[in-house]
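Here's the structure, in structure tokens; my notes come after.
The values are calculated or read from the model by the stated rules, or taken from the named source; none is laboratory data. All of these numbers come straight from a predicted model, not from anything done at the bench. Ideal geometry is used to build each Cβ from the backbone, glycine not excepted, and the neighbour counts take in all protein chains shown. Side chains are part of the model used for accessible areas, which takes the heavy atoms of the whole protein and leaves out ligands, DNA and RNA. Shrake-Rupley method; radii C 1.70, N 1.55, O 1.52, S 1.80 Å.
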Amino acid sequence: MVERSDRFPHIQLSLAKEGIAASPPGGGRQKDPQTLGNLGDRWGHGSRLNSSVASITANWKETQEKREEEKQPELPNSRRIILKIDPHLFDPDSLKAYGIELIAEIEDGYIIGASADLELSELRTKIEKFIKEEARSGKVAEIWDMIDGIKKPEYILSPELMAHWDLVKDDQIYTVDVGIACVGIKSKLSECPKIKKDENADHFQERVNRWIDKRDLTYEKWDEIKSEREDEFTEFIQSYQGKILDIVDGSIPQSAKLPDSFSCRIQISGKGLKDLVFNFPYIFDVSEPDEFA
């Protein structure tokens, strides 16, 4: 888990890692009763998930059509989705296998994701395999529910800003800090290798060098995603005549910089702020710098 900036105390952004998780003593964790129930009723659970997927993707399509009709600012080609998972068994990083980028982990087993596939095709395929009881499909039982990201602004807003959310006026200008995730669905970073028992120094150094090469490529990929999302974010803010006052590369303290995200301070109208919170897919936090203006 990445250590978060003090600016965003209420949400944790997860840094995707690869590797083999160590099993706890006793043969692994006991499955939650809800997960066991889902495994025992594959058709029922799979059908409920399919219904949620159909509803979410239909809402995305309807929202996009409405935005085009009303000539609203263009969004990135991705949409936010919130999943409730078995918090003890489901690995949030495994969302990549479902075509979903991990944006943030929240308490109580909720995670924020973003999907560039507006049909959620990979997720649909895995649900169908689960219903048919195909091999290695059981992990779908650990996905308990799915929610359209637009319906839960409290997962994006700081508690202080959420308390004032109903008071936001379309024509008033607000100053907020925003965190944007830049993990993507392909970038992974393992732990730095540790020397093995009886491993000679040359062999260990070879493994470290390979890891360094992979790390550098991962950072390059994150930089590419970060640059792309900075451009998308800037264009969105400017479409509401807003301003980016500062970004992580400027005077914002380096403690605010995470390897797989960036943060910035903006000024934007209440109308733009609402659109940002509800619809910009890669946000993991919006909070006021000092006090709500």
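Using a cut-off of 30 Å between Cα atoms, the listed pairs Lys151/Lys243; Lys71/Lys169; Lys139/Lys214; Lys129/Lys151; Lys126/Lys152 include none that exceed that distance. The Cα trace of the range 43-116 gives Rg and Dmax of 14.3, 44 Å, the first to one decimal, the second as a whole number. For Lys61, a cut-off of 16 angstrom between C-alpha atoms picks up these aspartates and glutamates, skipping any fewer than 8 places away in its own chain: Glu69, Glu70, Glu74, Asp117, Glu119, Asp148. Could you please report the charge total around Phe90, scoring K, R as +1 and D, E as -1 over all other residues with beta-carbon less than 9 angstrom from its beta-carbon? Overall, the nearby charge balance is -2. At a probe radius of 1.4 angstrom, the accessible area of the range 101-151 per residue rounds to 47 square angstrom.
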